[in-house]
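Worksheet: one structure, shown below.
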Amino acid sequence: MKVTLSVIKADIGSLAGHHTVIPEQIEEASKQLQNAKTSDLINDFHVTHVGDDLELIMTHKMGIDSKEIHKLAWDTFIHVTENVSKKLNLYGAGQDLLSDAFSGNIKAMGPGVAEAEFEERESEPIVVFMADKTEPGAWNNPLFRMFADPFSTAGLVIDESLHDGFVFRVMDVEQNKIVDLKTPEESYDVLALIGNTGRYVIHSIYSKKNNVLAAAASTSRLALIAGKYVGKDDPVCFVRAQHGLPAVGEIIDPFAFPHLVAGWMRGSHNGPLMPVSVKDAKCTRFDGPPRVVALGFQLSGGMLVGPSDMFDDPAFDLARSKSNEIADYLRRQGPFMPARLASEEMEYTTLKTVLDKLKNRFEESS
Ligand code: F6R
Ligand code: MG
Ligand code: MG
């Protein structure tokens, strides 16, 4: 049977700044999705959070870009904003809801969306990744390592069914264009693009052998939608596992290395991506460090079995400890690049005001 998995997220208000959602927001969103499940609009759902982002994980039969499903997510975010965030004066209530009315597709309206329709396999293990205080390009490094790095995914070398490699669909988020590239033969071209994490992001990945969808990620950039800074595009993605695709262990292993991502305080700093359990998915120190959560599910006839909180595991203690060390080191650089992002990637800046003020004091140097 065909099933669609839609992971849709939005920051619609946080407790004490931008660091976490509250249980009432999760409960209220769950009630809305339970109604949609009872009326058969969706098959199943799981509501969770990472940092200040509320995450709706839904399965249904409506396909991608479904107006009904996107409206359900939009209405749920509006409902929680009105009935919880605004009522309790949470900080940044409704922050990511950029439009006054639903326009048919939630993608261009602020919330982040990773979704795909696929044939459910006899057994369908899936890992959903959700991050806060960073951007979609944060997935570039770990997705490449899962699907194209033989030093990370052993199956690429030793499993016949992965050995042919994968097709990476890469999106230029500035030009709104996509390109399909094959690995391993075009790996260097893939890296030439996705090494620029602010501009080229992995949109989805397919197995070369049978064109099976392997991964789908959110690719929106809020700032490009709104034309100004309105909050970071904290990203989501999901990866199908096993039996011709990377094993679950190969999928989560890249996160044992806390690579640097853009985001953190005021969306203007580089920081390590720290893998954490849902209970530790609170962005505290310097509004971070950026965090990622991984939930493992089995699909069963379109229903979600699970989740298992994959980073709630001592096997990731070292990565967390390394993240703290890196965070400490970077903090000591204060306002200097590269701890602070380059001017064009910063979400907050006073540079123009400062330059205007000093305009008449700049002199030709001899
Ligand atoms: C970054 C983020 C926070 C805020 C910061 C300032 O994505 O959410 O780091 O940028 O707390 O927030 P405001 O401008 O709302 O005071
Ligand atoms: Mg926020
Ligand atoms: Mg956030």
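The values are calculated or read from the model by the stated rules, or taken from the named source; none is laboratory data. Just so it is clear, the model here is predicted, and its values are computed rather than measured. Don't worry about glycine lacking a Cβ; one is built from the backbone with ideal geometry, like all the others, and counts go over all protein chains shown. Please note that ligands, DNA and RNA were not included when accessible areas were found on the heavy atoms of the full protein model with its side chains. Shrake-Rupley method; radii C 1.70, N 1.55, O 1.52, S 1.80 Å.
Assign one of three labels to the chain, namely rounded, prolate or oblate, based on the Cα gyration tensor with a ≥ b ≥ c the square roots of its eigenvalues; rounded applies when a/c is under 1.5, prolate when it is not and a/b is larger than b/c, and oblate otherwise. The partial results should precede the final answer.
Details: a/c = 1.60, a/b = 1.18, b/c = 1.36.
Because a/c hits 1.5 or more and a/b fails to exceed b/c, the chain counts as oblate.
For the chain, with all protein chains present and a 1.4 Å probe, just round the carbon and sulfur fraction of the accessible area to a whole percent.
Working: 8650 of 16540 Å².
Accessible surface attributable to carbon and sulfur in the chain totals 52 percent.
Of the peptides 51-57, 96-102, how do they stack up when ordered by the mean number of other Cβ atoms within 10 Å, highest first? Don't skip to the answer; put the middle values down first.
Details: 51-57: 28.0, 96-102: 15.1.
Per-residue mean Cβ counts within 10 Å order the peptides as 51-57, 96-102.
Give me the distance between the Cα centres of the stretch 290-366 and the stretch 117-139, rounded to whole Å.
Between the Cα centre of the stretch 290-366 and that of the stretch 117-139, the gap is 20 Å.
Between S365 and D180, what is the label-point separation in nm under the 7 Å Cα-to-beta-carbon projection?
5.2
Given C-alpha coordinates of the stretch 1-54, what is the ratio Rg to Rh with the Kirkwood estimate of Rh?
Values: Rg = 12.8 Å, Rh = 12.2 Å.
A ratio of 1.05.
In angstroms, what radius of gyration and Dmax does the stretch 1-119 have, counting Cα atoms only?
Reported Rg and Dmax, both Å: 13.5, 44.
Can you give the direction-averaged projected area of the convex hull of the alpha-carbon atoms in the stretch 117-189, in nm²?
Approximately 6.7 nm², given one-decimal rounding.
Quick one: if you stick a label point 7 Å off each Cα along the C-beta vector at K67 and E24, how many nm between them?
3.5
Rounded, prolate or oblate: which fits the stretch 155-305, taking a ≥ b ≥ c as square roots of the Cα gyration tensor eigenvalues, rounded meaning a/c under 1.5, else prolate when a/b beats b/c? Spell out each step's value before the answer.
Numbers: a/c = 1.81, a/b = 1.30, b/c = 1.39.
Oblate, because a/c is 1.5 or more while a/b does not exceed b/c.
Under 1.5 on a/c is rounded, so check that first for the stretch 102-149, then, if it is not, pick prolate when a/b is larger than b/c and oblate when it is not; a ≥ b ≥ c are the square roots of the alpha carbon gyration tensor eigenvalues. Show your work: numbers first, answer last.
Details: a/c = 2.52, a/b = 1.19, b/c = 2.12.
Oblate is the answer for the stretch 102-149, as a/c is 1.5 or above yet b/c matches or exceeds a/b.
Tell me, what is the per residue accessible area of the chain in Å², probe radius 1.4 Å?
On the way: 16540 Å² over 366 residues.
Per residue, the chain has 45 Å² of solvent-accessible surface.
By how many nm would the segment from D356 to K86 lengthen if fully extended, with 0.36 nm per residue of separation less the alpha-carbon distance?
On the way: separation 270, 0.36 × 270 = 97.20 nm, distance 3.74 nm.
Full-extension gain reported as 93.5 nm.
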